[in-house]
1. Out of (1) touching a helix residue (DSSP H, G or I) at 6+ places or on another chain (Cβ under 7 Å); (2) part of a strand (DSSP E or B), what's the single condition that is false for PHE100?
2. Take region 73-100 and flag every residue that is open to solvent by 70 Å² or more (accessible area, probe 1.4 Å) and under 17 Å from LEU28 (Cα atoms).
3. Could you grab the pairs with beta carbons closer than 9 Å, sequence gap of 6+ or different chains, first residue in region 1-21 and within 14 Å of ASP94 (Cα to Cα) and open to solvent by less than 90 Å² (accessible area, probe 1.4 Å), second one in a helix (DSSP H, G or I) and not charged (D, E, K, R)?
4. Pairs under 6 Å by beta carbon, first residue closer than 17 Å to ALA30 by Cβ and in contact (Cβ under 8 Å) with a residue 40 or more places away in the chain in region 43-69, partner open to solvent by 20 Å² or more (accessible area, probe 1.4 Å) and not aromatic (Phe, Trp, Tyr), six or more apart or different chains?
5. Scan the strands (runs of 3 or more DSSP E) fully inside region 3-81 and keep the ones with 2 or more residues being more than 12 Å from PHE100 (Cβ to Cβ) and within 12 Å of the chain's Cα centre (by Cα).
6. Mind listing whichever residues of region 36-58 are open to solvent by less than 30 Å² (accessible area, probe 1.4 Å) and of a type outside the set (Gly, Ala, Ser)?
7. Where the second residue is not in a strand (DSSP E or B) and the first is closer than 17 Å to GLU58 by Cα and lies in region 73-88, which pairs have Cβ atoms under 6 Å and are six or more apart or on separate chains?
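The values are calculated or read from the model by the stated rules, or taken from the named source; none is laboratory data. Source: prediction; values computed, not measured. Here Cβ is always computed from backbone atoms with ideal geometry, including for glycine, and neighbour counts include all displayed protein chains. Keep in mind that these areas ignore ligands, DNA and RNA; they rest on the heavy atoms of the full protein, side chains included. Shrake-Rupley method; radii C 1.70, N 1.55, O 1.52, S 1.80 Å.
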Amino acid sequence: MKLATFKELRKHFDTDEKRFIKDGYYRLRAADERVYELAYLEAGPCGDTTVHPQITLEITNDAVVPLKLLDMAAAPVVRFSREESLEELEQALDSLEARFLQVLSH
């Protein structure tokens with residue numbers, strides 16, 4: 001993800017609260033001043049939500065660095081980090097980024 005794209009997403013989703021848009025919940029929340037969680041959440045039967053997936057990002061001066069992924073809706077649950085599966089993590093971030101951008105364009 002490019003830093004410009006991240007900044008654009010922050011304009012629309014930087015509330016720390018999940019927002020229901022069209023097909024599910026979208027959230028971008030700050031863990032601290034440099035670490036964020038970008039997540040798509042599915043609605044559950046009892047009003048709960050499940051991350052599908054959530055990707056933790058570190059923001060540097062010139063880059064958005066994916067650190068780890070958690071997908072609680074997958075069976076079995078998927079967890080991996082940058083050190084274990086960099087290529088998978090980057091592909092998952094590309095997909096999640098596209099999902100966020102698509103919902104913004106409608």
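1. Condition (2) is where PHE100 drops out.
2. Scanning region 73-100 gives ASP94, SER95, ARG99.
3. Close Cβ pairs (under 9 Å, with a partner that is in a helix (DSSP H, G or I) and not charged (D, E, K, R)) amount to MET1/LEU9; MET1/LEU93; MET1/LEU96; THR5/PHE100; THR5/LEU101; LEU9/PHE100; LEU9/LEU101; LEU9/LEU104.
4. Pairs that qualify, where the first residue is closer than 17 Å to ALA30 by Cβ and in contact (Cβ under 8 Å) with a residue 40 or more places away in the chain and the partner is open to solvent by 20 Å² or more (accessible area, probe 1.4 Å) and not aromatic (Phe, Trp, Tyr), are ILE59/ARG34; VAL64/MET1; VAL64/LEU3.
5. Because the criterion is at least 2 residues that are more than 12 Å from PHE100 (Cβ to Cβ) and within 12 Å of the chain's Cα centre (by Cα), the strands (runs of 3 or more DSSP E) in region 3-81 that meet it are 24-30, 35-43, 49-59, 64-71.
6. TYR36, LEU38, TYR40, LEU41, VAL51, PRO53, GLN54, ILE55, THR56, LEU57 - these are the residues of region 36-58 that are open to solvent by less than 30 Å² (accessible area, probe 1.4 Å) and of a type outside the set (Gly, Ala, Ser).
7. ARG82/LEU89
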